[in-house]
Amino acid sequence: TEEFRGARFTSLDFSCVVIRDCDVRKLKIVDSHLVCFNISGFIGSFLVNDVDVTAFVEAELARQHPERVQVREVKTADDHRAMWTTIEGLWSQALARARQLPEGARQERVDEEWSFVETMRHLLFATDAWVGSSVLDAANPYHPLGMPSNGYTAANALAIGLTLDAKPSFDEVLTARADRMATMRRVVDELSAAELDRVTTRPPAPGYPDKPHTIGQCVRVVLNEEVEHYRYAMRDLSVLEYRS
(Lines give C-alpha, C1' and ligand atoms only; values in the text may rest on other atoms or scores of the structure.)
Protein backbone atom coordinates (compact mmCIF):
# COMPACT_ATOMS: atom_id res chain seq x y z
CA THR A 1 0.00 0.00 0.00
CA GLU A 2 1.12 3.57 -0.69
CA GLU A 3 -1.15 5.04 1.96
CA PHE A 4 1.66 6.73 3.89
CA ARG A 5 4.02 7.62 1.03
CA GLY A 6 5.14 11.24 1.50
CA ALA A 7 3.23 11.59 4.79
CA ARG A 8 4.44 13.86 7.61
CA PHE A 9 4.05 13.04 11.31
CA THR A 10 4.69 15.77 13.87
CA SER A 11 4.61 15.65 17.70
CA LEU A 12 3.25 12.12 17.89
CA ASP A 13 4.12 9.23 20.21
CA PHE A 14 5.59 6.35 18.19
CA SER A 15 7.14 4.58 21.19
CA CYS A 16 7.13 0.77 20.87
CA VAL A 17 6.02 0.96 17.23
CA VAL A 18 7.15 -1.99 15.09
CA ILE A 19 7.78 -1.41 11.37
CA ARG A 20 8.32 -4.66 9.51
CA ASP A 21 8.85 -5.46 5.82
CA CYS A 22 8.21 -1.85 4.75
CA ASP A 23 9.74 0.46 2.16
CA VAL A 24 11.31 3.31 4.15
CA ARG A 25 13.65 4.74 1.51
CA LYS A 26 14.45 8.42 2.20
CA LEU A 27 12.84 8.20 5.64
CA LYS A 28 13.83 11.27 7.67
CA ILE A 29 13.50 11.53 11.46
CA VAL A 30 14.25 15.00 12.88
CA ASP A 31 14.48 16.35 16.44
CA SER A 32 13.22 13.08 17.90
CA HIS A 33 14.28 10.92 20.85
CA LEU A 34 15.93 7.75 19.50
CA VAL A 35 16.63 5.76 22.66
CA CYS A 36 17.00 1.96 22.45
CA PHE A 37 16.49 2.41 18.72
CA ASN A 38 16.89 -0.87 16.80
CA ILE A 39 16.95 -1.11 13.02
CA SER A 40 17.92 -3.93 10.68
CA GLY A 41 17.59 -4.66 6.98
CA PHE A 42 19.25 -3.55 3.76
CA ILE A 43 20.98 -0.26 4.56
CA GLY A 44 22.27 1.73 1.61
CA SER A 45 23.07 5.08 3.22
CA PHE A 46 22.38 5.74 6.91
CA LEU A 47 23.00 9.11 8.53
CA VAL A 48 22.95 9.71 12.28
CA ASN A 49 23.18 13.37 13.25
CA ASP A 50 24.44 14.10 9.72
CA VAL A 51 27.19 11.45 10.00
CA ASP A 52 27.06 8.58 7.52
CA VAL A 53 27.56 5.47 9.69
CA THR A 54 26.97 2.94 6.90
CA ALA A 55 30.64 2.00 6.49
CA PHE A 56 31.09 1.66 10.26
CA VAL A 57 28.12 -0.70 10.52
CA GLU A 58 29.35 -2.83 7.62
CA ALA A 59 32.87 -2.98 9.07
CA GLU A 60 31.58 -4.05 12.46
CA LEU A 61 29.35 -6.71 10.92
CA ALA A 62 32.34 -7.97 8.94
CA ARG A 63 34.40 -8.17 12.13
CA GLN A 64 31.71 -10.06 14.00
CA HIS A 65 30.70 -12.25 11.05
CA PRO A 66 33.58 -12.66 8.56
CA GLU A 67 31.46 -15.19 6.65
CA ARG A 68 29.39 -12.25 5.33
CA VAL A 69 32.52 -10.95 3.58
CA GLN A 70 33.44 -14.42 2.34
CA VAL A 71 30.04 -14.96 0.73
CA ARG A 72 30.24 -11.63 -1.14
CA GLU A 73 33.59 -12.66 -2.63
CA VAL A 74 32.40 -16.01 -3.99
CA LYS A 75 33.08 -16.30 -7.73
CA THR A 76 34.51 -19.64 -8.87
CA ALA A 77 33.11 -23.14 -8.39
CA ASP A 78 35.80 -23.78 -5.77
CA ASP A 79 34.73 -20.59 -3.97
CA HIS A 80 31.17 -21.90 -3.79
CA ARG A 81 32.35 -25.23 -2.39
CA ALA A 82 34.55 -23.52 0.21
CA MET A 83 31.70 -21.25 1.23
CA TRP A 84 29.35 -24.17 1.73
CA THR A 85 31.96 -25.92 3.85
CA THR A 86 32.13 -22.79 6.01
CA ILE A 87 28.34 -22.74 6.30
CA GLU A 88 28.21 -26.40 7.30
CA GLY A 89 30.67 -25.67 10.09
CA LEU A 90 28.78 -22.62 11.32
CA TRP A 91 25.45 -24.42 11.52
CA SER A 92 27.07 -27.42 13.19
CA GLN A 93 28.12 -25.10 16.02
CA ALA A 94 24.69 -23.45 16.14
CA LEU A 95 22.89 -26.79 16.30
CA ALA A 96 25.17 -27.97 19.10
CA ARG A 97 24.08 -24.92 21.11
CA ALA A 98 20.42 -25.36 20.20
CA ARG A 99 20.46 -28.99 21.35
CA GLN A 100 21.41 -27.81 24.84
CA LEU A 101 18.17 -25.82 25.09
CA PRO A 102 14.79 -27.24 26.08
CA GLU A 103 12.31 -27.79 23.24
CA GLY A 104 10.22 -24.83 24.37
CA ALA A 105 13.17 -22.47 23.94
CA ARG A 106 13.87 -23.76 20.45
CA GLN A 107 10.26 -22.94 19.58
CA GLU A 108 10.33 -19.52 21.28
CA ARG A 109 10.37 -16.27 19.33
CA VAL A 110 12.74 -13.54 20.55
CA ASP A 111 11.41 -10.01 19.99
CA GLU A 112 8.81 -11.36 17.54
CA GLU A 113 11.48 -12.79 15.23
CA TRP A 114 11.37 -16.37 13.98
CA SER A 115 12.15 -19.09 16.49
CA PHE A 116 15.15 -21.33 15.91
CA VAL A 117 12.86 -24.03 14.52
CA GLU A 118 11.13 -21.53 12.23
CA THR A 119 14.51 -20.32 10.96
CA MET A 120 15.36 -23.91 10.03
CA ARG A 121 12.00 -24.17 8.27
CA HIS A 122 12.73 -21.02 6.28
CA LEU A 123 16.12 -22.30 5.14
CA LEU A 124 14.37 -25.52 4.14
CA PHE A 125 12.09 -23.53 1.85
CA ALA A 126 14.95 -21.39 0.47
CA THR A 127 16.86 -24.50 -0.57
CA ASP A 128 13.77 -26.13 -2.09
CA ALA A 129 12.94 -22.98 -4.06
CA TRP A 130 16.32 -21.88 -5.36
CA VAL A 131 18.02 -25.28 -5.65
CA GLY A 132 15.25 -27.89 -5.79
CA SER A 133 13.15 -25.92 -8.26
CA SER A 134 15.44 -23.51 -10.12
CA VAL A 135 18.67 -25.53 -10.20
CA LEU A 136 17.49 -29.14 -10.17
CA ASP A 137 14.25 -28.49 -12.05
CA ALA A 138 12.29 -30.79 -9.74
CA ALA A 139 8.54 -30.85 -10.36
CA ASN A 140 7.55 -30.69 -6.69
CA PRO A 141 10.61 -29.98 -4.54
CA TYR A 142 8.86 -28.28 -1.61
CA HIS A 143 8.88 -29.94 1.80
CA PRO A 144 5.54 -29.30 3.55
CA LEU A 145 7.33 -27.92 6.62
CA GLY A 146 9.09 -25.21 4.60
CA MET A 147 8.41 -21.63 5.67
CA PRO A 148 8.64 -18.81 3.09
CA SER A 149 9.18 -15.14 3.90
CA ASN A 150 6.40 -13.23 5.60
CA GLY A 151 5.26 -11.57 2.38
CA TYR A 152 4.55 -14.86 0.61
CA THR A 153 0.82 -15.36 0.13
CA ALA A 154 -1.11 -18.16 1.83
CA ALA A 155 -2.62 -19.10 -1.54
CA ASN A 156 0.80 -19.66 -3.12
CA ALA A 157 1.97 -21.59 -0.06
CA LEU A 158 -1.07 -23.85 -0.25
CA ALA A 159 -0.56 -24.37 -3.98
CA ILE A 160 2.88 -25.92 -3.43
CA GLY A 161 1.84 -27.98 -0.41
CA LEU A 162 3.28 -25.96 2.45
CA THR A 163 1.69 -26.38 5.87
CA LEU A 164 2.32 -22.96 7.37
CA ASP A 165 0.41 -23.62 10.59
CA ALA A 166 2.31 -26.84 11.33
CA LYS A 167 3.97 -27.17 14.74
CA PRO A 168 6.83 -29.57 14.06
CA SER A 169 9.40 -30.51 16.64
CA PHE A 170 13.04 -29.50 16.45
CA ASP A 171 14.01 -33.07 15.50
CA GLU A 172 11.40 -33.28 12.73
CA VAL A 173 12.64 -30.11 11.10
CA LEU A 174 16.27 -31.10 11.60
CA THR A 175 15.74 -34.36 9.70
CA ALA A 176 14.36 -32.48 6.68
CA ARG A 177 17.04 -29.81 6.99
CA ALA A 178 19.84 -32.40 6.99
CA ASP A 179 18.46 -33.88 3.79
CA ARG A 180 18.39 -30.50 2.05
CA MET A 181 21.88 -29.61 3.24
CA ALA A 182 23.09 -32.89 1.75
CA THR A 183 21.41 -31.91 -1.53
CA MET A 184 23.17 -28.56 -1.46
CA ARG A 185 26.49 -30.32 -0.85
CA ARG A 186 25.95 -32.51 -3.92
CA VAL A 187 25.07 -29.46 -6.03
CA VAL A 188 28.16 -27.44 -5.05
CA ASP A 189 30.43 -30.48 -5.40
CA GLU A 190 29.28 -30.86 -9.02
CA LEU A 191 29.61 -27.18 -9.93
CA SER A 192 31.86 -26.14 -12.80
CA ALA A 193 32.49 -22.82 -14.48
CA ALA A 194 30.08 -23.77 -17.28
CA GLU A 195 27.41 -24.88 -14.81
CA LEU A 196 27.66 -21.61 -12.88
CA ASP A 197 26.85 -19.69 -16.06
CA ARG A 198 24.06 -21.99 -17.22
CA VAL A 199 20.73 -20.17 -17.35
CA THR A 200 17.61 -21.63 -15.76
CA THR A 201 14.13 -20.33 -16.56
CA ARG A 202 12.29 -22.26 -13.86
CA PRO A 203 11.14 -19.81 -11.13
CA PRO A 204 11.87 -20.64 -7.49
CA ALA A 205 8.17 -20.85 -6.59
CA PRO A 206 4.77 -19.46 -7.63
CA GLY A 207 4.63 -15.72 -7.02
CA TYR A 208 8.32 -15.13 -7.68
CA PRO A 209 9.29 -12.97 -10.69
CA ASP A 210 9.30 -15.12 -13.81
CA LYS A 211 12.74 -14.24 -15.13
CA PRO A 212 15.87 -16.26 -15.95
CA HIS A 213 18.71 -16.75 -13.47
CA THR A 214 22.09 -18.38 -13.78
CA ILE A 215 22.78 -21.43 -11.64
CA GLY A 216 25.45 -19.39 -9.87
CA GLN A 217 22.91 -16.71 -8.92
CA CYS A 218 20.50 -19.32 -7.55
CA VAL A 219 23.17 -21.01 -5.46
CA ARG A 220 24.39 -17.67 -4.10
CA VAL A 221 20.87 -16.78 -2.97
CA VAL A 222 20.95 -19.86 -0.75
CA LEU A 223 24.46 -19.05 0.49
CA ASN A 224 23.36 -15.55 1.46
CA GLU A 225 20.21 -16.83 3.15
CA GLU A 226 22.29 -19.29 5.18
CA VAL A 227 24.79 -16.65 6.30
CA GLU A 228 22.25 -13.98 7.24
CA HIS A 229 19.92 -16.32 9.10
CA TYR A 230 22.87 -17.83 10.92
CA ARG A 231 23.61 -14.34 12.21
CA TYR A 232 20.03 -13.89 13.41
CA ALA A 233 19.96 -17.36 14.95
CA MET A 234 23.16 -16.76 16.92
CA ARG A 235 21.84 -13.44 18.17
CA ASP A 236 18.65 -15.08 19.47
CA LEU A 237 20.42 -18.17 20.81
CA SER A 238 22.39 -15.95 23.16
CA VAL A 239 19.14 -14.54 24.53
CA LEU A 240 17.55 -17.97 24.88
CA GLU A 241 20.61 -19.38 26.62
CA TYR A 242 20.55 -16.51 29.11
CA ARG A 243 16.85 -17.09 29.81
CA SER A 244 17.32 -20.82 30.21
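The values are calculated or read from the model by the stated rules, or taken from the named source; none is laboratory data. Since we're looking at a predicted model, the values are computed, not measured. Ideal geometry is used to build each Cβ from the backbone, glycine not excepted, and the neighbour counts take in all protein chains shown. These area figures cover heavy atoms from the full protein model, side chains too; ligands, DNA and RNA do not enter into them. Shrake-Rupley method; radii C 1.70, N 1.55, O 1.52, S 1.80 Å.
Protein heavy-atom surface of the chain, 1.4 angstrom probe: 53% of the accessible area is carbon and sulfur, with nucleic acids and ligands not counted. Computed from Cα atoms, the angle from the helix 116-127 axis to the main principal axis of the chain rounds to 60 degrees. Note that the chain presents 63 Å² accessible area per residue, ligands and nucleic acids not counted, probe 1.4 Å. To the nearest 10, the accessible area of TYR232 is 70 Å² with a 1.4 Å probe. For VAL69, the solvent-accessible surface computed with a 1.4 Å probe is close to 40 Å², ligands and nucleic acids excluded.
Per-residue Karplus couplings for the range 82-95, computed as 6.51 cos²θ - 1.76 cosθ + 1.60 with θ equal to phi - 60°, are listed in order as 5, 5, 5, 4, 4, 5, 4, x, 4, 6, 4, 5, 5, 5 Hz, Gly and Pro entered as x. Computed per residue of the chain from DSSP H runs no shorter than four, each worth -39500 (n - 2.57), the mean residue ellipticity at 222 nm is -15000 deg cm²/dmol. The orientation-averaged projection of the convex hull spanning the C-alpha atoms of the range 100-243 amounts to 8.7 square nanometres. Within 10 Å of each candidate Cβ there may be at most 16 other Cβ atoms; applying that plus a DSSP loop requirement, which GluC sites (Glu not before Pro) in the range 63-104 survive? Qualifying residues, ordered by number: GLU73.
Of the trypsin sites (Lys or Arg not before Pro) found in the range 81-175, those that fall in a DSSP loop while having at most 13 other beta-carbon atoms within 10 Å are ARG109. Taking one quarter of the surface of the C-alpha convex hull of the chain gives a mean projected area of 15.2 nm².
Entry note, the range 38-189: relative contact order of 18 percent, from Cα contacts under 8 Å with a spacing of 6+ residues. The H on the amide N of VAL48, modeled in the peptide plane, is under 5 Å from the matching H of VAL53, each at least 5 residues off or on a different chain. In terms of the mean number of neighbouring beta-carbon atoms within 10 Å, the peptides 168-176, 128-136 order highest first as 128-136, 168-176. The phi torsions of the range 130-135, fed into the Karplus equation with coefficients 6.51, -1.76 and 1.60 and a -60° offset, translate into couplings of 8, 10, x, 7, 6, 8 Hz, rounded to whole numbers, with Gly and Pro shown as x.
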